[in-house]
1. Condition check: surrounded by fewer than 20 Cβ atoms within 10 Å (Cβ to Cβ), of a type in the set (Gly, Ala, Ser) and either assigned to a helix (DSSP H, G or I) or modelled with pLDDT under 90 (or both). Does Ala145 satisfy that?
2. Surrounded by fewer than 15 Cβ atoms within 10 Å (Cβ to Cβ) and at pLDDT 90 or above: is that true of Ala110 in this structure?
3. Could you go through region 166-181 and let me know if any residue there is in the same structural domain as Gln89 (by TED's automatic domain parsing) and buried (at least 20 other Cβ atoms within 10 Å of the Cβ).
4. Would you point out which residue out of Leu17, Leu6 is modelled with pLDDT of 85 or more, surrounded by 10 or more Cβ atoms within 10 Å (Cβ to Cβ), among the aliphatic types (A, V, I, L, M) and farther than 18 Å from Ser242 by Cα?
5. Given the criterion without any contact (Cβ under 8 Å) to a residue 24 or more places away in the chain and polar (S, T, N, Q), identify the matching residue among Asn181, Asn211, Asn141.
6. Could you check region 170-272 for helices (runs of 4 or more DSSP H) lying wholly inside it with 1 or more residues that are of a type in the set (Ser, Thr, Tyr)?
Amino acid sequence: MPKTHLYQLSVSIWKSLSLVLLLAIALVVLLPLAVVLITSLTTTGATPGQSLILSKFTVANYQAAWQRGNFLLAFANSTLVALAVTGFQIVTSALAGYALARLKFRGRQAVLLIVLATLVIPFQILVIPIFLVLKWGHLINTYWALILPTAASGFGIFLLRQYFLTIPVELEEAAALDGANRLQILWRVMLPLSRPALVTLFLFTFIGEWNDLFKPLVFTTRPELRTVQLALADFQEQFTNSWELLMAAVVIATVPVVLLFIIGQKQFIRGIATTGIKN
């Protein structure tokens with residue numbers, strides 16, 4: 001058999017094996033989600049494993065879970081906090097990232113190293129000093145206690161800094177010749193060209209804040225400040241044995257971020273793929 005045919009055969013076999021492996025991984029990842037979805041639609045008190053073989057389904061569990069868990073207020077709080085934190089992070093990351101990417105000043109590399117160092121420090125280690133600062137500012141049990149601790153992000157700064165490095169400097173020079181200052185260049189030139197990175201930062205931040213249980217648990221005690229994850233934790237304690245209601249609540253809490261990711265996945269993939277590639 002010619003070497004060309006052997007090479008083509010080996011490539012074909014490798015592609016087939018890769019496809020089988022990817023399908024197996026996808027099955028492992030999606031099977032728990034399928035169990036959650038099917039269990040949330042069952043009409044009996046069966047366990048998740050038993051619900052896979054049931055034939056009678058209903059959507060009444062979602063209505064019951066929504067009403068009993070008071071998720072309307074939790075959704076409003078989580079949306080407010082997530083959007084506020086995301087907005088703050090986009091602004092602070094854009095300003096700091098542009099300064100680190102384009103401005104030349106003494107100590108720039110040291111500042112970049114400090115920003116990178118924040119990525120390896122767990123938030124839980126900083127919770128006590130953050131709590132004391134919030135207490136001194138009389139911000140405990142307020143929305144600000146959920147927003148300010150993560151209003152700036154080392155990840156966001158580094159992400160936008162790396163993306164700004166991929167944009168040709170000539171575009172900024174042309175804008176400067178037209179009389180634009182640094183802020184105008186950032187607003188009118190850099191940010192419009194950085195939409196994939198901005199969408200990536202938006203998705204990471206919004207999903208992270210939506211799924212955060214730690215901050216609401218530590219910095220708030222008022223029921224009216226409950227977020228989705230805190231409401232879900234309370235719901236789990238009340239309906240531990242009602243698997244269909246518990247799984248329905250899980251689906252309710254998950255659907256918004258899944259839809260958000262589906263809408264922004266194209267820009268997300270593009271932002272991740274191009275970040276860090278210098279022009």
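1. Details: surrounded by fewer than 20 Cβ atoms within 10 Å (Cβ to Cβ): no; of a type in the set (Gly, Ala, Ser): yes; either assigned to a helix (DSSP H, G or I) or modelled with pLDDT under 90 (or both): yes.
No.
2. Values: surrounded by fewer than 15 Cβ atoms within 10 Å (Cβ to Cβ): yes; at pLDDT 90 or above: yes.
In short, yes.
3. Filtering region 166-181 down to residues in the same structural domain as Gln89 (by TED's automatic domain parsing) leaves 166-181.
From what's left, buried (at least 20 other Cβ atoms within 10 Å of the Cβ): none.
No, the conditions are met nowhere in region 166-181.
4. Values: Leu6 fails: modelled with pLDDT of 85 or more.
Checking each option against the conditions leaves just Leu17.
5. Answer to the check: Asn181.
6. Details: elements: 182-185, 195-210, 214-219, 228-238.
The helices (runs of 4 or more DSSP H) meeting that bar are 195-210.
Conditions (1) of a type outside the set (A, V, I, L, M, F, W, C); (2) at pLDDT below 90, marked per residue:
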| site | (1), (2) |
| --- | --- |
| Gly87 | yes, no |
| Thr92 | yes, no |
| Phe123 | no, yes |
| Thr150 | yes, no |
| Leu159 | no, no |
| Met190 | no, no |
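The values are calculated or read from the model by the stated rules, or taken from the named source; none is laboratory data. Fair warning: this is a prediction, and the values are worked out from it, not measured in the lab. Positions of Cβ are generated from backbone atoms using ideal geometry, with glycine treated the same way; all protein chains shown enter the neighbour counts.
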